[in-house]
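What follows is a set of notes on a single structure, which appears directly below.
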Number of protein chains: 4
Amino acid sequence: MAIAAKRTKTIMARRQDLIQGTIRSIAALGYNNSTVQTICDAAGLSRGLIGHYFKGKDDLLLEAFRYLVGRADEETRKAVRAVGDDPLQRLLAATEVTFNRASDDREGGMVWLACWGVAPWVPEMHELQRKLWRRYRSWVERMIAQAADQRGIKVDARRAALAYAQMVDGFWLGWLSDRDAYTPEDARDIVCDWLRDLFGEGRKAPVRGAAARKPEPSSKAKSPARKVSGGKKT
Amino acid sequence: MAIAAKRTKTIMARRQDLIQGTIRSIAALGYNNSTVQTICDAAGLSRGLIGHYFKGKDDLLLEAFRYLVGRADEETRKAVRAVGDDPLQRLLAATEVTFNRASDDREGGMVWLACWGVAPWVPEMHELQRKLWRRYRSWVERMIAQAADQRGIKVDARRAALAYAQMVDGFWLGWLSDRDAYTPEDARDIVCDWLRDLFGEGRKAPVRGAAARKPEPSSKAKSPARKVSGGKKT
Amino acid sequence: MAIAAKRTKTIMARRQDLIQGTIRSIAALGYNNSTVQTICDAAGLSRGLIGHYFKGKDDLLLEAFRYLVGRADEETRKAVRAVGDDPLQRLLAATEVTFNRASDDREGGMVWLACWGVAPWVPEMHELQRKLWRRYRSWVERMIAQAADQRGIKVDARRAALAYAQMVDGFWLGWLSDRDAYTPEDARDIVCDWLRDLFGEGRKAPVRGAAARKPEPSSKAKSPARKVSGGKKT
Amino acid sequence: MAIAAKRTKTIMARRQDLIQGTIRSIAALGYNNSTVQTICDAAGLSRGLIGHYFKGKDDLLLEAFRYLVGRADEETRKAVRAVGDDPLQRLLAATEVTFNRASDDREGGMVWLACWGVAPWVPEMHELQRKLWRRYRSWVERMIAQAADQRGIKVDARRAALAYAQMVDGFWLGWLSDRDAYTPEDARDIVCDWLRDLFGEGRKAPVRGAAARKPEPSSKAKSPARKVSGGKKT
DNA sequence: GATGAATGAGGTTTCATTCAT
DNA sequence: CATGAATGAAACCTCATTCAT
């Protein structure tokens with residue numbers, strides 16, 4: 001069994017190597033231009049190896065996407081769990097970890113972007129993406145509904161969740177497509193402020209300009225936002 | 001010259017045919033799976049023709065994207081011009097036309113999505129996309145700044161513009177990736193409400209007429225106004 | 001239509017080129033060692049052309065076999081028709097043309113041999129082969145039955161047809177596998193003598209040794225035989 | 001030495017395993033589609049093992065063919081020896097064992113067929129096949145010559161041997177390619193009758209017992225005797 | 001100007017063989 | 001001695017592009 005276990009471990013390691021190679025290759029060359037050759041080169045392995053560990057290129061591509069999804073999910077869960085049970089805090093934590101991931105793993109983000117662009121025409125990827133998104137949105141909706149309940153505020157949780165989720169995705173998309181337009185921190189702040197405003201919580205730190213805005217009654221400017229990564233995660 | 005003009009006209013027509021074929025092919029098969037063959041089939045033309053009108057496949061792809069961009073730009077300008085000079089009305093009109101396009105031309109939207117997914121690795125497309133985005137965001141920023149000025153409200157125009165623009169993109173992305181999660185009308189309403197809330201304008205009747213609507217006495221934020229979506233809508 | 005006709009003609013010509021290339025390649029290298037490359041080289045065409053005219057390599061291989069079958073069939077029919085209606089003469093003519101083909105087109109014969117060796121594992125080829133064989137055997141059986149009737153001789157036509165057909169195939173097989181063991185003329189004479197003996201007809205020419213045999217009463221030594229090519233033909 | 005002997009034994013056993021695996025694989029999948037993987041799977045051994053016991057795949061293939069050839073040879077010799085010295089009885093016994101093998105070991109037959117189809121392009125296999133055939137034909141020729149001598153009949157032994165040998169092969173080929181056209185028993189009867197007719201021996205009881213049958217008073221050709229298959233059988 | 005036949009580069013995949021464990 | 005992971009050659013096929021008609 002020790003041998004079998006070791007073997008299994010090696011197998012997992014090689015699969016990881018190939019997945020990482022895929023991510024590196026796609027990040028560097030794009031989805032189309034990534035060939036079995038570039039992927040295996042990036043993984044430091046020989047071309048034929050892909051057949052040992054995956055059904056083929058498509059399978060590997062899908063698994064790489066699945067890996068990114070799983071990792072984002074895990075990271076977000078951990079961050080959310082760490083802040084306790086308060087729904088707003090959870091949302092804020094999720095938002096933060098989402099945009100942190102943007103800076104920390106732009107490579108992964110680029111792959112995510114590339115996958116968005118092909119998913120509609122790759123049934124399995126499409127399905128995975130939709131499942132993910134629905135779970136994510138429904139989690140956001142629950143959090144928002146709970147937070148509103150706690151505060152005795154009326155919020156259309158569905159619409160708020162949509163606004164949040166799509167804003168986050170939009171910020172991801174925008175930053176991946178043009179990293180100079182704004183920073184992930186900008187995005188994070190805007191979304192977090194939007195969340196706090198939604199529940200009438202004050203902003204924490206003086207946020208660029210906004211803090212200078214007259215505190216009108218309900219200046220709850222909505223800035224919709226949603227974690228790209230979150231979107232891809234839960 | 002008449003002959004030359006006619007020729008030019010034919011050339012333009014053929015180019016259009018090929019561009020439309022490209023759009024149809026990408027919408028149906030995705031970016032990767034669209035070949036010169038599928039494109040020309042979709043255009044009802046023969047395979048070799050592409051060389052007469054474009055430098056090659058890549059060029060055609062780029063031109064198709066350029067065409068979509070140009071058309072969207074034009075439509076938006078027209079809608080904005082039609083609504084007069086009021087910045088908020090202009091933003092609302094732009095929002096509306098944007099989401100109307102979603103329903104009216106899902107095919108084009110899918111192509112847009114596909115192009116998003118490859119643009120970072122196609123320098124010319126990337127550049128085009130960035131130019132477009134920057135112009136768009138700066139226009140939004142100006143409109144927001146003007147609208148705020150008119151109302152004597154202090155708004156961080158840059159952040160608001162980012163929030164607006166990325167929310168819109170996020171809704172596009174989400175709807176193209178999963179058309180069942182919400183409707184373009186949902187998206188439009190959420191974004192328009194967000195805009196009105198930003199300026200303390202009350203939500204109103206079906207936004208569809210909003211563009212033509214007279215600027216009523218800004219009834220300011222409705223009651224708690226903190227509901228992302230007020231009473232009406234889903 | 002002239003253009004369409006010409007095009008069709010060209011298409012047929014290219015298909016023929018590829019089929020001939022296939023035959024030459026298989027004859028020279030065997031079935032396994034024939035690759036798209038060797039086939040196209042033998043045809044004097046480029047590698048990619050195969051996709052224009054056939055579904056793929058397998059399709060081409062099958063068509064090449066079909067071509068050999070069709071040609072053998074045609075040649076045999078023509079030879080049979082040329083000798084009139086007498087069943088024995090028809091059988092003799094078929095036998096002759098069969099073994100003539102052996103000498104005239106050893107290349108085609110080798111391909112036939114190669115196909116025999118793979119047919120059981122290539123459903124379409126197998127089916128074609130079986131259809132062919134059955135039609136051929138039943139024709140032989142009918143001829144034998146008629147010839148026997150004419151002479152008032154009792155012959156088990158089914159068994160005689162089997163003996164004839166398999167003897168011919170056996171001679172083909174043997175000669176293709178070892179061209180030095182006997183000549184096609186040897187084979188032809190043996191089979192023709194067997195046929196004549198079956199119906200009590202005298203042998204035409206003094207055939208090696210056999211003619212010297214004592215004309216015992218009914219020395220109808222059966223030598224079973226069957227045209228390989230015939231077997232593959234009708 | 002005991003150890004060395006044991007080792008040798010294991011080696012032989014493994015080689016046998018691989019040879020059997022080869023036969024099973026080829027019978028199931030054909031020559032082309034049999035890979036080292038399928039062969040080792042069929043043998044219940046691991047892929048790399050082939051290198052320990054054979055020079056490579058080609059060598060294994062050749063050895064498998066050699067094994068079939070050797071076994072057939074041995075079986076035939078044994079059957080022939082068992083029947084005594086009478087040449088005709090020997091031929092009948094050889095015929096019988098040949099067609100018995102067809103039914104008893106169709107798998108082996110299929111491999112034989114597959115090898116026929118590649119042998120001309122595999123020099124070593126070709127050579128083996130030719131040696132085998134020549135030895136076989138010359139043995140048949142000797143038997144026929146002896147039987148004719150014994151009876152004072154003049155027979156062209158070479159031609160008769162060719163007819164016999166190719167008829168047998170033809171029946172094998174036909175049955176392997178289409179097992180529904182006739183049974184090996186049909187083939188055996190036809191060939192045995194042909195042999196008996198050649199020497200003016202009457203057809204007799206079920207041939208199955210023929211090998212053990214005492215040489216009865218050659219009742220010479222039956223009546224017209226020109227029926228390929230007398231009264232009995234199908 | 002329009003067509004599609006022809007080319008050949010390049011992609012994915014399979015496979016025989018080698019070799020470390 | 002046995003295993004199967006690793007390699008890289010080579011096969012098939014697709015496809016963008018060119019060019020004669």
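The values are calculated or read from the model by the stated rules, or taken from the named source; none is laboratory data. Computed from a predicted structure; not experimentally measured. Because the Cβ atoms are built from the backbone with ideal geometry, glycine has one as well, and the counts that use them run over all protein chains shown.
Miscellaneous remarks
- Subset tally (residues that are touching a residue at least 40 places away in the same chain (Cβ under 8 Å) and over 19 Å from residue A:32 (Cα atoms)) for region B:17-44: 3
- Test: residue in region A:166-175 that is more than 8 Å from chain B (Cβ to nearest Cβ), part of a helix (DSSP H, G or I) and surrounded by fewer than 17 Cβ atoms within 10 Å (Cβ to Cβ): no
- Residues in region A:97-111 that are away from chain B (no Cβ under 14 Å) and surrounded by 20 or more Cβ atoms within 10 Å (Cβ to Cβ): A:97, A:101.
- Residue within region C:25-45 that is away from DNA strand F (no atom under 13 Å from the Cβ) and under 18 Å from the mean Cα position of the chain (by Cα) present: yes
- Search result, residues across region B:161-186 that are under 18 Å from residue A:195 (Cα atoms) and touching a residue at least 40 places away in the same chain (Cβ under 8 Å): B:164, B:168, B:171
- Any hit, region D:101-112, residues being touching a residue at least 40 places away in the same chain (Cβ under 8 Å), touching a Pro at 6+ places or on another chain (Cβ under 6 Å) and not acidic (Asp, Glu): yes
- Residue B:70 fulfils the conditions (1) more than 14 Å from chain A (Cβ to nearest Cβ); (2) over 30 Å from residue B:148 (Cα atoms) except for a single criterion, (2).
- Extreme residue, farthest from DNA strand E (Cβ to nearest atom), among residues of region C:15-48 that are more than 20 Å from residue C:125 (Cβ to Cβ) and crowded, with 17+ Cβ neighbours inside 10 Å: C:42
- Which listed residue is surrounded by fewer than 21 Cβ atoms within 10 Å (Cβ to Cβ) and either closer than 22 Å to residue C:186 by Cα or facing chain C (nearest Cβ under 8 Å) (or both), from D:114, D:148, D:163: D:148
- Residue check for residue D:58: within 16 Å of DNA strand F (Cβ to nearest atom), among the acidic types (Asp, Glu) and away from chain C (no Cβ under 14 Å): no
- Hey, residue B:124 surrounded by 21 or more Cβ atoms within 10 Å (Cβ to Cβ), away from chain A (no Cβ under 13 Å) and either at pLDDT below 95 or over 13 Å from residue B:147 (Cβ atoms) (or both) or not: no
- Checking residue A:84 against (1) within 16 Å of DNA strand F (Cβ to nearest atom); (2) more than 14 Å from chain B (Cβ to nearest Cβ); (3) surrounded by fewer than 17 Cβ atoms within 10 Å (Cβ to Cβ), the condition it does not meet: (1)
- Those residues of region D:89-142 which are more than 26 Å from residue C:179 (Cα to Cα) and among the β-branched types (Val, Ile, Thr), in sequence order: D:97
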